[in-house]
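This report concerns only the one structure given below.
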Amino acid sequence: MRYYLSLGSNLGNREQTLHEAVRRIGQQIGTVTRCSSFFYSEPWGFESTHPFCNLCCAVETAMQPMEVLAATQQIESKLGRNHKSVNGKYSDRTIDIDIIRAFDDTHKEIEISSSLLTIPHPHWKERDFVVIPLQEIMP
């Protein structure tokens, strides 16, 4: 399967955190086949004086969507993310990793809608910090 992930950080050494997250994705999830350049943006959905550094990457893996979700959440935790958004309220964070889109081995797009995971990500088309980096790496 191929997953497209969006990563963002607005606390600490943002670029270093994103590089480390991509390295861990490669170790724990699968082969990172493409990675966009950095994209800098203002916070989306909340106010903060800390701008974001974002990127998107493509990863090939045999893992199922819920396994990828668990792995990304573990990576977030190891990199200092101590809480997720609650009731749609966003806040500053050292790292955020979202599954944006997923495709099976026949290149058919995977669609999931559950209380834990929605693929494609419901807001990805509204966010330049996802759309622009994703355009760099998607065929």
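Values in this text are rule-based calculations from the coordinates and carry no lab data. Keep in mind that what you see is a predicted model, and the values were worked out from it rather than measured. Glycine also receives a Cβ, built like all others from the backbone with ideal geometry; neighbour counts cover every protein chain displayed.
In this simple spin-label model, placing a label point 7 Å from the Cα along the Cα-to-Cβ direction at both M66 and D128 gives a separation of 3.8 nm.
By the combined test of axial Cα extent (at least 18 Å) and Kyte-Doolittle hydropathy (mean at least -0.5), the qualifying DSSP H helices of the chain come to 65-78. Max-minus-min Cα coordinates of region 2-137 on each principal axis give 43, 28, 27 Å, with the largest extent listed first.
Using per-residue counts of other Cβ atoms within 10 Å, averaged over each peptide, order 33-42, 20-29, 2-11 from highest down.
2-11, 20-29, 33-42
With r defined as the distance between the Cβ atoms of T106 and M138 and R0 fixed at 25 Å, what FRET efficiency is calculated, to the nearest 0.05?
Efficiency, from the Cβ-Cβ distance: 0.90.
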